Ligand SMILES: CC(C)(COP(=O)(O)OP(=O)(O)OC[C@H]1O[C@@H](n2cnc3c(N)ncnc32)[C@H](O)[C@@H]1OP(=O)(O)O)[C@@H](O)C(=O)NCCC(=O)NCCS
C-alpha cells in the first residue's frame, strides 16, 4: 500500500538508546552506529501507551535494518562491504515495501561510505526473505554453514552498490 504512513530514518546513538527497551535481544545486539548504521521504519504513534521514540514524530519502530561497514578478508582487504546483520519488519506491516525501502536507503548509504557491495545471508527456510532478495536484484549463493555444531543450509545474498 503506497499510503502506509511509515518513514525510514537513520538512527543516531540517542535514538537507539531510547528505542532499546522496545527491541528484542537480537535486535538490540545489532542496532548500533559505531561500526556502521541502523535504519528504523517509524510509524506515527497511534497508541499513547507506546513509549515515543522520536519526540518530534512520537513514532514507534516497525522495522529495523542494521548494517556493519567492514573490509573483506585478505587478499581483498582494500575492498569495503556493507553487511546487513539484521532486517525485520513487524508482521502486520509486511508486504508494504517497507523492507524494500530500507534496503534501497541502505544501498545508497553504503555507497556513500565507500562500500562496493551490500551483503547478507538468509537460512533456506526464510522463504519470504529469499523471495525479497531475488526480487530486489541480489545474487543468491547457496552454502552450508555450521552454527552451534549444526549444519544449516543458507544463501548468501549480495548486490553491487
Ligand atoms: C523478509 C522481510 C524483511 C520482508 O519485509 P517486507 O517489508 O514485507 O518486504 P517488502 O514488502 O519490501 O517485499 C518486497 C518483495 O519481496 C517479496 N516478498 C516479500 N515477502 C514475501 C512473501 N511472504 N512471499 C513471497 N514474496 C515475498 C515480494 O516480491 C515483495 O514484492 P511484492 O510485495 O511487490 O510482491 C519480512 O518478511 C520479515 O521481517 N521477515 C522476518 C525476518 C526475516 O526473515 N528477515 C530476513 C532475514 S535475512
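Derivation of every value follows stated rules applied to the coordinates shown; laboratory data play no part. Computed from a prediction, not measured in an experiment: that's the story for all the values here. Because the Cβ atoms are built from the backbone with ideal geometry, glycine has one as well, and the counts that use them run over all protein chains shown.
Here are the numbers for this structure:
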| quantity | calculated |
| --- | --- |
| Residue-averaged [θ]222 nm for the chain, counting only DSSP H segments that reach four residues, each worth -39500 (n - 2.57) | -6500 deg cm²/dmol |
| Estimated FRET transfer efficiency (residue 139, residue 20; beta-carbon r; R0 41 Å; 0.05) | 0.75 |
| Model label zone, residue 116; criterion: amide N under 13 Å from point 7 Å along Cα-to-beta-carbon; scope region 131-160 | 160 |
| Percent antiparallel among DSSP beta bridges (both partners in the chain, rounded to 5) | 95 percent |
| Contact order normalised by residue count of the chain, Cα under 8 Å, 6+ apart, percent | 17 percent |
| Fully extended contour minus Cα-Cα distance, from residue 34 to residue 10, at 0.36 nm per residue | 7.4 nm |
